[in-house]
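K.L.:
Got a structure for you, questions after.
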Amino acid sequence: MPLSRRSLLTKLGAGATVLAGCVSGDTAGDATETPGAPPDGPVANAPLPDAPDEARYQTIGTSAPVVTYFSNPKCPFCAEFAVGSERVLPLATLVEVYVASGAVQFRHRGVAYTTDGEPFLGPDAPRAVRAGLAVWEIDPGAYWRYHEHLAANQPPESERWATTDRLVAFADGAGVDDTEAVRAAIEAERFENRLDATTTAFADADADGTPTVVVDGTPYSPFEPAKLRDALDAL
């Protein structure tokens with residue numbers, strides 16, 4: 001069952017540093033046209049599992065053990081993790097060092113921040129997560145390029161930017177096949193069971209916010225690079 005707003009925010013530590021910029025999305029507005037080409041780096045080019053169509057969640061790498069990465073497309077800290085900065089251990093570095101080498105497999109699960117009322121990051125946050133699952137199901141080979149493209153061009157989280165048209169435009173910009181199928185999946189509000197399951201898994205992992213990387217059952221923040229590296233090296 002989805003957590004209530006009170007219990008979800010308590011569980012996620014809404015006052016924690018990692019969530020400081022993830023405020024409720026209350027401002028409606030139109031985002032600008034998707035700029036530039038999608039990134040072409042370690043994440044976009046990482047190897048997929050042998051049978052990607054059998055994976056319920058977005059995955060890269062071909063080896064066990066599995067490391068789970070929780071994020072939300074509207075969270076600016078998740079975009080910073082994907083794009084990289086001086087204060088974070090970037091997703092690209094993790095993929096290059098641990099996934100491309102065959103040491104681990106990374107599984108991404110989108111946290112919709114669903115509650116009994118309006119979602120914490122705005123009503124478009126679950127839609128953005130559904131869009132990612134749709135892209136993965138329809139064109140898994142393009143998913144991680146889409147993931148990086150969205151992160152590199154993420155509008156402000158306070159803006160209700162994740163409209164169906166906008167999400168389809170991101171998919172089109174990343175070269176996803178059959179963007180109309182992506183649109184249909186978003187409009188049908190598919191993947192509700194996966195959104196609920198991820199909300200529960202996120203809480204069960206004792207995560208304090210997004211992004212969170214769960215290594216061997218323990219949650220780590222990429223904004224504490226040394227701790228995350230040590231955990232991956234030990235794994």
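The values are calculated or read from the model by the stated rules, or taken from the named source; none is laboratory data. Nothing here was measured: the structure is a model prediction, and the numbers come from that model. Cβ: placed from backbone, ideal geometry, glycine included. Neighbour counts: every protein chain shown.
K.L.:
Which residue is surrounded by the fewest Cβ atoms within 10 Å (Cβ to Cβ), if the candidates are limited to the stretch 179-209 and must be of a type in the set (S, T, Y) and under 16 Å from the mean Cα position of the chain (by Cα)?
P.N.:
T200
K.L.:
If G217 satisfies all but one of (1) within 30 Å of A103 (Cβ to Cβ); (2) touching a residue at least 40 places away in the same chain (Cβ under 8 Å), what's the number of the condition it fails?
P.N.:
For G217, the failing item is (2).
K.L.:
Which ones in the stretch 47-91 are basic (K, R), in contact with a Pro (Cβ under 9 Å, 6 or more places away or on another chain) and surrounded by fewer than 20 Cβ atoms within 10 Å (Cβ to Cβ)?
P.N.:
R87
K.L.:
Evaluate the stretch 70-85: report whether one residue or more is at pLDDT 90 or above, assigned to a loop (DSSP other than H, G, I, E, B) and over 16 Å from the mean Cα position of the chain (by Cα).
P.N.:
Within the stretch 70-85 (the criterion being at pLDDT 90 or above, assigned to a loop (DSSP other than H, G, I, E, B) and over 16 Å from the mean Cα position of the chain (by Cα)), the answer is yes, since at least one residue qualifies.
K.L.:
Name the residues in the stretch 202-228 that are of a type outside the set (A, V, I, L, M, F, W, C) and part of a loop (DSSP other than H, G, I, E, B), would you?
P.N.:
Across the stretch 202-228, the qualifying residues are D206, D208, G209, T210, P211, D216, G217, S221, P222, E224.
K.L.:
While we're on this one: (1) modelled with pLDDT under 95; (2) in a loop (DSSP other than H, G, I, E, B): which one isn't true of P126, the others all being true?
P.N.:
Evaluating P126 over (1) modelled with pLDDT under 95; (2) in a loop (DSSP other than H, G, I, E, B) leaves (2) as the failure.
K.L.:
Here's something else I'd like to know. Go through the stretch 202-220 and give me each residue that's more than 30 Å from A169 (Cα to Cα) and of a type outside the set (D, E, K, R).
P.N.:
Residues satisfying the conditions are A203, A205, A207, V214, V215, G217, T218, P219, Y220.
K.L.:
Mind checking which pairs have a first residue in the stretch 157-185 that is without any contact (Cβ under 8 Å) to a residue 60 or more places away in the chain and under 15 Å from L133 (Cβ atoms) and a second that is among the aromatic types (F, W, Y) and not in a strand (DSSP E or B), Cβ under 7 Å, 6 or more apart or different chains?
P.N.:
If the second residue must be among the aromatic types (F, W, Y) and not in a strand (DSSP E or B), the pairs left are A171/Y146; V176/Y146.
K.L.:
For A231, indicate whether it is in a helix (DSSP H, G or I), in contact with a Phe, Trp or Tyr (Cβ under 6 Å, 6 or more places away or on another chain) and either surrounded by fewer than 24 Cβ atoms within 10 Å (Cβ to Cβ) or hydroxyl-bearing (S, T, Y) (or both).
P.N.:
yes
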